[in-house]
Structure formats: C-alpha cells, structure tokens
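Structure record follows, encoded as structure tokens.
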Amino acid sequence: MAETQSRGLVFAGKKRGTGTDDFDGDDIFVAKKSMLPTMATEGDPAAALANARHEFGEHGGVNMSIEASATFTVMEPETMRRMFAGELGPDRDFFIYSRHFNPTVLNLGRLMAALEGTEAAYCTASGMSAISSVLLQLCSSGGHVVASRTLYGGTHALLTHFFPRACNITTTFVDIGDLEAVKNAIVEGKTKVLYFESMSNPTLTVANIPALSRIGHEKGTTVVVDNTFAPMVLSPARLGADVVLHSISKFISGGADVIAGAVCGPASLVNSMMDLHQGALMLLGPTMNAKVAFELSERIPHLGLRMKEHCRRAMEYAIRMKKLGLKVIYPGLEDHPQHELLKSMANKEYGYGGLLCVDMETEERANRLMHHLQNYTQFGFMAVSLGYYETLMSCSGSSTSSEMNAEEKELAGISPGLVRMSIGYIGTLEQKWSQLEKALSRMQDGTLLNKN
C-alpha cells in the first residue's frame, strides 16, 4: 500500500476541511518526528507512552471522542477511488470502513506501538485473532513454524491441529531454552516464523529474546513473541524481536471485562495485513469495536502503576510461600533457572511479572488448595485469564493447557498439580497474605508443606 498510509499507522494526520476533500498534505508530517521515542526514553515503555500523541475530543475534551461509525463519507466522488487505490489513507484522515481503519482503534494502535517500541500496531477483537492473523500473513501453504513447546493451550492447538489441517502449515516444537535445538529446527528457506512467549504460559519459563532473535534473523525467519504475561516488564522488540503480540484482555485491560488483542511490529507488516487483496486482518475481519478501543486507551496510562503492584505482591508472596515449604515457581526468585536472564532483559522498576505458580504435584491437592483460597478465606477466584485486580487461580493442566495431551504437558513441564496464580492488588498485602495463610493452615495435613 502507499507509503503515506504506512506512516498513518503510527501518526494521525491533520483533520480535513469540511467543505472539500483536501489533498494538500505536504505539511502533515511536520512535528511528527517528535512523537517518536527518543534515544533517552526509548528503553522505558512508560516514557514512550508519555511521548505518544494525545488525541483530544472533538469539542476540546481532554479525552478523545469515540468514532463509532462503521462507514465514512467523502466530499468528492474521486476521493473514494483514490482511497481504494491506496493513494489516500488514515495519515490524512481519510477512512473507508471500520474493518479497514477506524480513528479510535487507530489511536489505541499508536499507544500499543509506543508501549512496545514498534513502528506500528493494529488492535484486534481477541488475542487469538492477533496470533492467527500474523501467522497466516507470514506463512503460506507448505510453510513451517518453529515454536516453543511451552505455549498457551489455544496457541498450541492452533499450531498442532488447525494449521496442518486447514492451511498445510506445520510446526516443530522445541525447548526454547536450548538454543542449539532451536537453530537446528529452523529450515532455511522453509521456516517462516520463530514463535515463542516472552514468559511462558503457564510454567513462567523466560525466553532469551536477544539470542533467539539473532538465531532467527541469521536463518532468515521472522521472530514473533507473545508478550501477554509481561507488558512493561519486557520489551521484546527493543530486544530484537520483529513482532510482538498481546492478548489485551489480560494485564493491559486489567478489568476482566474486555476481549481484545494487538499486533505490534513494522509498518510494512501491519499494512500488508490490512491490504485489500491479501491482508489477513482485512479479509478475516477480527475487527475491534471502537467503543472497546476507547475504553482500553483510557486504561493504558496507568498500566505501569498496576504492573508494579502486581509484580511487587507476586514477589512478596513467592518469597513467603517458599519459606513455608511450598514449591513455588516465580522468575523473581533467585533459584529460578532464568532469574539472571530476566534481570538482564527487564525494564527497570517493573519487577519480575505478576504471575506465580505453586506445584501441588497432584490435581486433587491443587483443587483443594484453590477451594480453600476461594471459598474459605476469599483470597482469590478460581477462574482462567490473568491481569485482574483480584487474584485469579487455575489448575493449568486441566484448564488453559487442557488442549495438550499428557506427553505434550510433560515435555512442557506442566505437572498435574500446577496452580497458576495471577496476583491481584485489591486489599492490603498483609490482609491478603493472612487469607492465604489461613487457607494453608486449614488444609495442612502433613502432605501440603515441606515438599522442597
């Protein structure tokens, strides 16, 4: 598509006049470069977000207006032809149809691009639609993906079952921590994507993003990273990844009330995904509602504050639970295998992630623990998802990783009794810790504690 449209993904252009379609746009990029992250702030996602363009409301409101229209008018017949030819686009405030581009959704995309330090971003109706659309854009029939064997169950099912059947796209799963195995699995000329999660679901394995990105690029593949578990904490694009994906439904939303996703990457990729003839996003249509985009754009400014508290409490609980003898998995603990790696990659002051795992070894004991935590002490809720202000708990093997068979779970390191906890921040830390202790005391029978 036209280069002007590529730029339009990152920056909004000036408003058109109301009387005629204004094609004079030579000055639309004046002062736009100041909106790019600078060398002084590009490493800090909070600073990059603060540097992003602030969109004011139609009547001067401090919050942007919601553009709820599905379709958009033009003042001159010739304009429509030029828009469909790619000569005019969102960079000059020309819009066709909200499945293509919508001003409110586009604004959220700019915030996501700033957050992840990418040239562009496009927001979708779900995290899975973001994942599937990117992979379908990058891979054709006969294509090959190399992926981590520890992935969200839905992603694993997409790669293991749906893509081979429906698209003739195959995947080789590897231990993402074995760099030599990753290198050997990539078939030059055939492997199109190296795919992994920055922090794996649910085992909290931390990927060596710089090393994996180097391997992928040496072999000519596109490096795609799902950063859903670690917004603000990790910035994969700044560490070498090409594309960063999010389920915005989780930490970025924070309210467990929205389903949404995002693709963050080069403008050339995002534009290709919106191409009228070959674009996966354009043609498959996982369109985000403008009202949802507005809601989310109001939550991103305090994402950094929320992540710091999620991470602070997760760290404190992990330390205390470990002292009680529980088998705790948390990247902030010094005995975590990738603790030093995460320290070397993480953005300062955001901690080590808002999730921790407790391995209860059997599903029965995992279920008993969660039962007491929810129904006896009100520590949290038995529910999937993450990033909510309440603590959410699930036994991963029988829930969010249930798409994997027993062998696949074993290879991924998912034990039958692995309890994943997304640590919330409601109440005081000591209040919630007291609730956790009471639940442990209630079920302590000589088999729960002292397992390390």
Checklist entry - How many nm separate the modelled label positions at residue 298 and residue 362, each set 7 Å beyond the Cα in the direction of the Cβ? => result 4.9 nm
Checklist entry - Carbon and sulfur atoms: what percent of the 1.4 Å accessible area of the chain do they account for? => result 52 percent
Checklist entry - If the cut-off is a Cα-Cα distance under 18 Å, which aspartates and glutamates reach residue 250, setting aside same-chain residues fewer than 8 apart in sequence? => result 116, 197, 226, 295, 298, 309, 390
Checklist entry - In what sequence, highest mean first, do 197-205, 185-193, 382-390, 59-67 appear when ranked by Cβ atoms within 10 angstrom? => result 197-205, 382-390, 185-193, 59-67
Checklist entry - Taking N as the number of residues in the chain, what is its alpha-carbon radius of gyration divided by 2.2 N^0.38 Å? => result 1.01
Checklist outcome for this item: Given unit charges at Cβ for Lys, Arg (+) and Asp, Glu (-), the dipole magnitude of segment 119-284 about its Cα centre in debye, nearest 20, is 160 debye
Item to check | Two-site FRET efficiency, residue 85 against residue 218, from Cβ-Cβ distance with R₀ of 22 Å, rounded to 0.05 | outcome: 0.05
Item to check | Rounded to 10°, Cα long-axis angle of helix 429-443 versus longest principal axis of the chain | outcome: 40 degrees
Checklist outcome for this item: Of the candidates 440, 89, 269, the farthest towards the positive dipole end of the chain (Lys/Arg Cβ +1, Asp/Glu Cβ -1, centred on the Cα centre) is 440
Item to check | 15 Å beta-carbon shell around residue 290, net charge (K/R +1, D/E -1) | outcome: -2
Item to check | Highest to lowest packing among 148-154, 278-284, 256-262, scored as the average C-beta count within 10 Å | outcome: 148-154, 256-262, 278-284
Next on the checklist: Nothing charged except the Cβ atoms of Lys and Arg (+1) and of Asp and Glu (-1): what's the magnitude of the dipole of the chain about its Cα centre? Round to the nearest 20 debye.
Outcome noted: 760 debye
Item to check | Dipole of segment 70-210, positive direction: furthest Cα of 208, 169, 155, with charges on the beta-carbon | outcome: 169
Checklist entry - About its Cα centre, what dipole magnitude does segment 268-387 give when the only charges are +1 on Lys and Arg Cβ and -1 on Asp and Glu Cβ, stated in debye to the nearest 20? => result 400 debye
Checklist outcome for this item: PRE zone check, label point 7 Å out along Cα-to-Cβ of residue 179, amide N under 19 Å, scope segment 141-164, hits 146-149
Next on the checklist: If I ignore ligands, DNA and RNA and count only protein heavy atoms, how much of residue 53 is accessible to a 1.4 Å probe, in Å² to the nearest 10?
Outcome noted: 80 Å²
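Based on the Cα atoms of segment 130-191, what semi-axes does the equivalent ellipsoid have, where each is the square root of 5 times one gyration tensor eigenvalue, given in whole Å with the largest first? It would help to have the intermediate numbers written out before the result.
Numbers: eigenvalues 68, 42, 17 Å².
Equivalent ellipsoid semi-axes, largest first: 18, 15, 9 Å.
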Next on the checklist: Suppose the Debye formula is applied to equal point scatterers at every Cα of segment 300-444; what is log10 I(q)/I(0) at q = 0.12, 0.13 Å⁻¹?
Outcome noted: -0.48, -0.57
Next on the checklist: So with the 1.4 Å probe, I'd like the accessible area per residue for the chain, rounded to whole Å².
Outcome noted: 41 Å²
Next on the checklist: If I model a spin label as a point 7 Å beyond the Cα along the Cα-Cβ vector, how far apart are those points for residue 348 and residue 406 in nm?
Outcome noted: 5.0 nm
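The values are calculated or read from the model by the stated rules, or taken from the named source; none is laboratory data. Everything quoted here is computed from the prediction, not taken from an experiment. Virtual Cβ from ideal backbone geometry, glycine too; neighbours counted across all protein chains shown. For accessibility, only protein heavy atoms count, side chains too; no ligands or nucleic acids. Shrake-Rupley method; radii C 1.70, N 1.55, O 1.52, S 1.80 Å.
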